[in-house]
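Reviewing the structure listed below.
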């Protein structure tokens with residue numbers, strides 16, 4: 001089950017990245033093209049938010065109960081999680097970065113429901129999604145990162 005959870009969490013990473021890119025493009029084109037807000041935009045933003053929240057739930061399970069979870073791992077005597085690059089990344093940096101990104105994605109989707117002009121909806125959503133994308137990209141354990149790197153697609157090494 002643990003392996004399946006990691007694979008699903010990884011798969012959803014790619015879904016979120018694609019949906020974030022689409023959301024950014026739609027928000028930017030709506031903002032710059034001064035378009036009327038469309039129901040399709042709201043749906044894409046909703047799917048982005050739902051994917052992010054599902055991934056958050058899977059990630060929280062991993063952080064607490066996963067193979068290297070806080071509740072299932074005992075650090076060696078005299079070791080601090082903050083001094084160990086691996087545990088600091090997976091217990092602090094990655095979860096914190098992703099929670100911040102998910103808050104931004106949720107705020108971006110929230111713009112679809114605001115009673116403001118369409119231009120402001122698109123503009124604010126663009127910035128929320130764009131900053132969320134940067135935070136996500138910085139928080140992912142890419143294969144080229146020392147110590148914390150994971151394969152592009154786990155199980156397909």
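The values are calculated or read from the model by the stated rules, or taken from the named source; none is laboratory data. Everything quoted here is computed from the prediction, not taken from an experiment. Glycine gets a Cβ as well: all are built from the backbone with ideal geometry, and neighbour counts include every protein chain shown.
Restricting attention to segment 36-78, the residues being at pLDDT below 90 and over 19 Å from residue 113 (Cα atoms) number 13.
The residue list 154, 143 contains one member that is in contact with a helix residue (DSSP H, G or I) (Cβ under 7 Å, 6 or more places away or on another chain) and either closer than 14 Å to residue 30 by Cβ or outside any helix (DSSP H, G or I) (or both), which is 154. Just so you know, in segment 82-98 the residues that are touching a helix residue (DSSP H, G or I) at 6+ places or on another chain (Cβ under 9 Å) and loosely packed, with under 15 Cβ neighbours inside 10 Å include one that is nearest to residue 48 (Cα to Cα), and it is 96. For residue 67, the conditions (1) out of contact with any helix residue (DSSP H, G or I) (no Cβ under 6 Å at 6 or more places or on another chain); (2) farther than 28 Å from residue 40 by Cα are fulfilled apart from (1). Note on segment 1-114: enclosed helices (runs of 4 or more DSSP H) holding 1 or more residues that are under 12 Å from the mean Cα position of the chain (by Cα), without any contact (Cβ under 8 Å) to a residue 60 or more places away in the chain and closer than 19 Å to residue 131 by Cα are 2-32, 39-65, 94-110.
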